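The values are calculated or read from the model by the stated rules, or taken from the named source; none is laboratory data. Keep in mind the model is a prediction, meaning the values are calculated, not measured. Counting neighbours? That spans all protein chains shown, and the Cβs are built from the backbone with ideal geometry, glycine included.
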Amino acid sequence: MSARAPLAALLAAPVAAAALAGPDPEHGAWLGAHCAGCHAESGSAAMPPLEGMDPDAFTAAIEAYRSGERTHLAMQMFAQTLSASDVADLAAWLAEEDTR
Amino acid sequence: MKLHRRTLIGGLAAGALATPMIAADTRPRVVVIGGGAGGATAARHLADGGVAVTLIEPARRYYTCFFSNLYLGGFRDLDDLAHGYGGLAARGVNVIHDRAADVDRDARRVTLAGGAELSYDRLIVAPGIDFVEGSVPGWSVAAQNAMPHAYRAGSQTRLLREQLAAMREGGVFALIAPPNPYRCPPGPYERVCMSAHYLSQHNPSAKILVIDPKDSFSKQGLFEAAWRDHYPGMIERIGPDFGADKVAVDPDAMVVDIDGMAEDVDVCNVIPAQKAGRIARIAGLTDAAGWAPVHPEDMRSRKDDAVHVLGDAANQGDMPKSAFSANSQAKVAAQAIRAELLDAPRHPARYANTCWSLLGPEDGVKVGAAYAPEDGRIATLDSFLSDGDENAETRRQTWRESIDWYRAITAEMFG
């Protein structure tokens with residue numbers, strides 16, 4: 001949305017207004033807790049730990065699973081269940097973790 | 001520091017003066033009954049977040065039922081499945097090794113078998129399964145040494161393994177599968193694979209008779225292909241079309257009666273029909289079918305807003321009764337409890353499950369799904385299942401994945 005979006009459009013679209021607030025790393029952490037069921041600190045090459053993963057590499061991996069460029073039964077399915085804002089929230093959480 | 005009598009007395013006096021300054025633990029109290037995949041995960045996540053958590057679990061060493069078939073197959077030692085609670089205690093969980101004997105939901109109080117009473121602001125009930133008496137006529141828990149269930153891991157699993165090892169050459173091992181719903185839907189059939197693997201190495205002329213009251217079962221095509229390809233001629237399954245829904249046993253005579261047809265067997269694994277663990281029933285949380293109904297948004301009991309029921313004991317919708325499911329549900333419940341008691345943020349519930357099964361050496365398959373609340377139940381969003389025509393490398397990867405998962409979930413539960 002451009003910076004010149006009319007105010008009326010914002011008022012009429014609370015969802016879009018919320019999106020303007022940007023990614024929510026706290027929601028990303030919540031989603032990430034579910035990923036940790038497999039992608040734990042103890043992870044391996046096959047199931048790398050989620051924490052510490054580069055946010056861009058993460059986003060690219062999810063996109064590759066969504067497009068079918070990368071194949072994995074579980075990951076393709078889980079990637080499909082994530083919305084674009086879910087992926088952005090997860091990436092934002094990973095970025096926060098990175099700076100700690 | 002060496003403590004002298006005088007400093008000790010001085011210290012005590014100062015302590016007495018300071019007493020009013022020492023605040024009592026005002027954190028909200030959560031009592032968790034059951035230290036398995038649901039209870040241990042919930043305890044860990046709550047203890048990380050400002051709640052005083054007490055975990056009630058009778059066993060000092062907990063044997064995971066998940067992966068216990070691999071012990072029967074010789075791919076794991078029983079000790080590999082044993083975990084202690086020191087890690088949770090180090091994270092601040094008050095671990096009490098006792099049995100919950102009663103729950104007074106009006107007073108919000110749990111009474112332990114040892115007599116202690118524990119008050120709670122929220123209670124988590126995660127007791128796993130219990131067996132339905134009389135579901136296989138002739139069998140009762142009193143007969144579990146002659147015909148083990150081996151469906152709560154530990155001494156029963158060891159006993160079944162010993163009986164398989166001691167079976168006469170060319171003997172018959174009968175496995176009586178349970179009706180739905182039950183813990184670990186692929187479990188009985190993976191057990192057939194693992195027993196067959198063991199027998200193929202040590203007693204190759206032995207037979208396995210699967211007596212199954214169900215028309216169909218989890219991963220059926222994959223299991224039946226494995227029985228045919230890995231263990232040709234060893235395994236026969238009898239379904240309800242041949243009377244397997246009318247099975248009775250005589251543990252003293254080691255006879256299985258299938259709709260009037262008596263079969264002599266050498267080893268018999270009876271996996272009875274199941275219901276929620278005993279304390280869920282004592283607490284009045286269960287429905288007519290014996291399971292505890294919950295709200296899908298947060299695993300809260302439909303009978304009591306201050307109680308959450310996790311894992312196998314819960315009646316929640318589409319999720320299978322598995323450790324992965326319980327672990328997933330625990331995170332949702334812990335978040336809801338923290339949101340209520342600590343004003344922590346709350347996000348919409350998501351759930352996931354994957355169940356891996358080992359068909360033979362390095363031959364792993366899996367089934368899984370993502371779930372969300374819908375129309376008052378946990379509903380499947382999407383699912384996946386291993387293909388029957390996967391190559392050996394994919395199967396090996398799936399097996400390796402299951403090992404990684406076991407390490408991950410047990411680290412989260414106990415680490």
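Side notes on the structure shown:
- For region B:145-165, the criterion of being in a loop (DSSP other than H, G, I, E, B), free of Cβ contacts under 8 Å to residues at least 40 places away in the same chain and not aromatic (Phe, Trp, Tyr) is met by at least one residue.
- Odd one out for A:Gly68 among (1) at pLDDT 80 or above; (2) under 24 Å from B:Lys331 (Cβ atoms); (3) more than 16 Å from the chain's Cα centre (by Cα): (2)
- Residue ID - farthest from the other protein chains (Cβ to nearest Cβ), chosen from residues in region A:34-58 that are assigned to a helix (DSSP H, G or I), out of contact with any Ser or Thr (no Cβ under 7 Å at 6 or more places or on another chain) and buried (at least 16 other Cβ atoms within 10 Å of the Cβ): A:Pro55
- Residue in region A:19-33 that is of a type in the set (A, V, I, L, M, F, W, C), surrounded by 14 or more Cβ atoms within 10 Å (Cβ to Cβ), within 14 Å of chain B (Cβ to nearest Cβ) and touching a strand residue (DSSP E or B) at 6+ places or on another chain (Cβ under 8 Å) present: no
- Any hit, region B:354-367, residues being closer than 30 Å to A:Pro25 by Cβ and not polar (S, T, N, Q): no
- When residues of region B:328-379 are limited to those that are of a type in the set (Phe, Trp, Tyr) and within 18 Å of the chain's Cα centre (by Cα), the one farthest from A:Gln80 (Cα to Cα): B:Trp356
- Consider region B:112-139 and keep the residues that are over 23 Å from B:Asn315 (Cα atoms) and surrounded by fewer than 16 Cβ atoms within 10 Å (Cβ to Cβ). The one that is nearest to the chain's Cα centre (by Cα) is B:Ala113.
- Restricting attention to region B:225-238, the residues being within 26 Å of B:Glu169 (Cβ to Cβ) and either assigned to a loop (DSSP other than H, G, I, E, B) or out of contact with any strand residue (DSSP E or B) (no Cβ under 7 Å at 6 or more places or on another chain) (or both) number 6.
- B:Ala196 being among the aliphatic types (A, V, I, L, M), outside any helix (DSSP H, G or I) and at pLDDT 95 or above: no
- Qualifying residue in region B:278-287 (condition: buried (at least 21 other Cβ atoms within 10 Å of the Cβ) and either hydroxyl-bearing (Ser, Thr, Tyr) or over 30 Å from B:Thr26 (Cα atoms) (or both)): yes
- The single condition among (1) more than 9 Å from chain B (Cβ to nearest Cβ); (2) assigned to a helix (DSSP H, G or I) that A:Gln80 does not satisfy is (1).
- Single residue of B:Glu340, B:Glu374, B:Glu401 found to be of a type outside the set (A, V, I, L, M, F, W, C), assigned by TED's automatic domain parsing to the domain that holds B:Phe67 and out of contact with any helix residue (DSSP H, G or I) (no Cβ under 8 Å at 6 or more places or on another chain): B:Glu340
- B:Arg377 vs. criteria surrounded by 16 or more Cβ atoms within 10 Å (Cβ to Cβ) and among the basic types (Lys, Arg): yes
- Close pairs (8 angstrom Cβ cut-off, 6 or more residues apart or separate chains): in contact (Cβ under 8 Å) with a residue 24 or more places away in the chain and not assigned by TED's automatic domain parsing to the domain that holds B:Ile279 in region B:33-62, in a helix (DSSP H, G or I) and of a type outside the set (Asp, Glu) anywhere: none
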